[in-house]
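Structure record follows, encoded as structure tokens.
None of the figures in this text is laboratory data; all of them are computed from the coordinates on show. Quick caveat, the model's predicted, so the values are computed rather than measured. All Cβ positions, glycine included, derive from the backbone under ideal geometry; neighbour counts span all protein chains shown.
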Amino acid sequence: MNDTNLPTILLVDDSELIHRLLRVRLQNERFNLHSATSSVDGLLMANSIKPDVILLDIDMPKMDGFEFITRLKSDPETQEISVIFVSSANDPGIRVRGLDLGAVDFIAKPFDIVELKARLRAALKTQNLIRILAQKAQIDGLSGLWNRSYFNKRLESEFEGSGRYKTPLSLVLGDIDFFKLTNDRYGHLFGDMVIERFSNILSGGRLCDIACRWGGEEFAIILPQTTMFQAFDVTERFRAQLANVVWPEHPGLVITASFGVCDIENSELPPNPTNLFLSAEKAMYRAKEAGKNRVESFLKIVDATK
Amino acid sequence: METNLDPNLNKQPPNRLVSTYANDPEIRDLVLEFVREMPQRVRLANEAFMRGDLLRLQFWAHQMKGGAGGYGFSEISKKAANLETAITTKQPAEKIFLALLMVTNLCDRASAD
């Protein structure tokens, strides 16, 4: 049985002899090994299991390794997967072509198993570092939450998933009340502390929710598989938590935030990520206008105008 | 004058081609299986050649080229590569046959220990 915490290797090779050999040779390594005996099956598997590394033969019928890697790298879903060519081709031109097409390494057949394992480990290590760097580029430095660019991408993909699986999706926008005044009166260092504390509250909610810093004192939380009414309750807890924070530096100070909540079902038409965002934003402005330190849902606005 | 009528009497037993992984416990069983399957593999290759099924023979050579080395038989891999090249470069049948013979001779000598 596969251990989901371990990295995944996909072997794409038309030789049953190689599959048999590597199944035994790699059985004690700390990764899960999947096998495809044709390039067509390999591409399908790469898309579904998203392996960390693909060990790829070059000389295969129907679609050779070069065409395979070209397709793999042109698909945004699979382009980050590392590829190591494993081939008996001795021509340096072939190796260069493979590397130029995006492979991270080339192992000659017949391979030395100790070398193959070492190269696999190196590829996995590099892949992991790339992943950490990519993740860091999407994290806001001050708050530790996802940044705006990640939010945009994630909202798109959650929206798509919600449409595909017919599940609800909510979006919450939050804005710290009187933040400019707080900064002016208590200093920017304290302002940063407020941002950090609020971020901790937002990221301390449900594990499935995606808290992001939209910019400045504005925050967005994506709540997959959550209706607007459920999201309202979650947000109300955020609101209350912030309002109840005791600030030892300034006893008696109360910092609050205003929130707008909306889900796909109730957002402005046509349903799309932009309209979901605009609807949540309108609800948030309504919360500001209604006196701040409150949560408003977009549905309430619609009802109020009827 | 005494003559030797039995040609096999002077024939030396073929040198065994021992897998370089003969002492590797991790794949000992795999190598044994590989060697055990060898006569069947050789038969398939010969049959493909006799039928003129060069596509099948090319596939066979390709598999041996890529696989045999991993089981400790690099020499078989090299000769299989020659056979594959002979087919893909459309060499005359006798050259292909010669290349096939070179591989199968080695295959016949393959031994796990």
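For region A:74-88, 3J(HN,Hα) computed residue by residue from phi via the Karplus equation (6.51, -1.76, 1.60; θ = phi - 60°) reads 8, 9, x, 6, 10, 5, 7, 5, 6, 10, 10, 6, 10, 8, 8 Hz, glycine and proline entered as x. Calculate the FRET efficiency for A:Lys125 and A:Glu160 from the Cβ-Cβ distance with a Förster distance of 25 Å, rounded to the nearest 0.05. Step by step, r from the Cβ atoms, then E = 0.20. Close amide H pairs (under 5 Å, H built 1.01 Å from N) link A:Trp214 with A:Phe219, A:Ala220, residues at least 5 positions away or on another chain. Potential lengthening of the chain between B:Arg36 and B:Asn23 amounts to 3.0 nm, from the contour at 0.36 nm per residue minus the alpha-carbon distance. Directionally averaged projected area (the protein assembly as shown, Cα convex hull): 30.2 nm².
Loop-only trypsin sites (Lys or Arg not before Pro) in region A:1-74, please: DSSP not H, G, I, E or B, and at most 12 other Cβ atoms within 10 Å.
Values: sites: A:Arg20, A:Arg23, A:Arg25, A:Arg30, A:Lys62, A:Arg71, A:Lys73; in loops: A:Arg30, A:Lys62.
Passing both the DSSP loop test and the Cβ count: A:Arg30, A:Lys62.
Cβ crowding within 10 Å, taken as a proxy for footprinting-reagent exposure, orders A:Cys212, A:Cys262, B:Cys107 from fewest neighbours to most as B:Cys107, A:Cys212, A:Cys262. Can you list which of the GluC sites (Glu not before Pro) found in region A:48-133 are DSSP loop residues with at most 13 other C-beta atoms within 10 Å? Sparse-neighbourhood loop GluC sites (Glu not before Pro): A:Glu77. The aspartates and glutamates whose alpha-carbon is closer than 14 Å to the alpha-carbon of B:Lys90, local same-chain residues fewer than 8 away aside, are B:Asp53.
State the extension gain, in nm to one decimal, for the chain segment bounded by A:Ala290 and A:Ser48, taking 0.36 nm per residue of separation less the distance between their alpha-carbons.
82.3 nm
Can you give me the C-alpha center-to-center distance between region A:91-118 and region B:46-65, rounded to a whole angstrom? Spelled out, the Cα-based centre of one part sits 26 Å from the other. Rounded to the nearest 0.05, what FRET efficiency do B:Asp113 and A:Val24 have when you use their Cβ-Cβ distance and R0 = 22 Å? Efficiency at R0 = 22 Å is approximately 0.80. For region A:169-215, which chymotrypsin sites (Phe, Trp or Tyr not before Pro) pass both filters: DSSP loop (anything but H, G, I, E, B) and at most 15 other C-beta atoms within 10 Å? Loop-located and lightly packed - A:Phe178.
For region B:31-113, relative contact order (Cα pairs under 8 Å, six or more residues apart, normalised by length) works out to 36 percent. Mean per-residue shielding of peptide A:103-111 is 3, counting Cβ atoms of other chains within 10 Å of each Cβ.
Once each of the GluC sites (Glu not before Pro) sitting in a DSSP loop with at most 14 other beta-carbon atoms within 10 Å is removed, chain B keeps B:38-113 as its longest stretch. Checking the cross-link pairs A:Lys109/B:Lys78; A:Lys73/A:Lys125; B:Lys65/B:Lys95; A:Lys62/B:Lys65; A:Lys153/A:Lys180; A:Lys109/B:Lys79 against a 22 Å limit on the alpha carbon distance flags A:Lys153/A:Lys180 as lying beyond it. Residues within the reach of a label modelled at A:Arg206 (point 7 angstrom out along Cα to beta-carbon, backbone nitrogen below 16 Å), restricted to region A:215-232, are A:221-232.
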